[in-house]
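Colleague: After the structure tokens below, expect a handful of questions from me.
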Amino acid sequence: MRVHVLKVRGSTNLDELEEGIAAGHTVDGWQMPKTATPGDLAVWYAASPDQDYRAWGWVADVPRSGFRASDRLYVGPVAGIRRIEPVRTRQDVADACGFNRDSVAQQAQTVPGNITEGFLRALGFDRRFVAAREVTSAEAARVVSSLPAHPAVSTRDPMR
């Protein structure tokens, strides 16, 4: 199981994230690394205005390329979205595990495997979840794979 940090920029993007939290899944998909697979964990980071981690969910399908006519941008759905409460600041997470200590990439990124456990603990995930994350991820992948096909990804810009 990998953990992918998805980016939120500006109030429109925050509104879209809130829609996803209310619905329990992304409404139009979200830009994510092309290596994401069902059962991976997605975590939303709001770069502006607050530089904090806001929500998490399970990658529900393989991301598709060609967003905005670019083969370099991939967009995919996330299911089971939940808030991170309380939100965690980038600085607190960086101090705890080193992720994005000095800078933050503009695009979605994958947390390096050697700091995944510390990253999840810094976000507030309990020890049992962190210890069982591979089993939980496999179960999440099985569940989302059994759902009906996801609608086509919208052309709405998830990185506004």
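What follows draws every value from the coordinates through simple rules; no lab data is involved. Fair warning: this is a prediction, and the values are worked out from it, not measured in the lab. Ideal geometry is used to build each Cβ from the backbone, glycine not excepted, and the neighbour counts take in all protein chains shown.
Colleague: Let me know the Kirkwood hydrodynamic radius for the range 45-114, please, with Cα pairs as the basis and the value in Å to one decimal.
Modeller: So the Kirkwood estimate lands at 13.9 Å.
Colleague: Find which of A79, I21, S145 sits farthest along the positive direction of the dipole of the chain, computed with +1 on the beta-carbon of Lys and Arg, -1 on that of Asp and Glu, about the Cα centre.
Modeller: Of the listed residues, the answer is S145.
Colleague: Now for a different question. Which residue, G113, G76, G20, tops the fluctuation ranking in a GNM of the chain built on C-alpha contacts under 10 Å?
Modeller: Of G113, G76, G20, the most mobile in the Gaussian network model is G113.
Colleague: Sticking with this one: When all alpha-carbon pairs of the chain are counted, what percent fall beyond 20 Å?
Modeller: Of the Cα pairs, 45 percent sit more than 20 Å apart.
Colleague: If you don't mind, another one. Which order results if D52, D102, D126, D15 are arranged by neighbouring Cβ count within 10 Å, fewest first?
Modeller: Ordered from fewest to most neighbouring Cβ atoms within 10 Å, D52, D102, D126, D15 come out as D102, D126, D15, D52.
Colleague: Using the Cα centre as the reference, give the magnitude of the dipole from point charges on the C-beta atoms of the chain (Lys, Arg: +1; Asp, Glu: -1; all else neutral), rounded to the nearest 20 debye. Numbers along the way, then the final one.
Modeller: Details: 20 positive and 19 negative charges, 52 e Å.
Dipole magnitude for the chain comes out near 260 debye.
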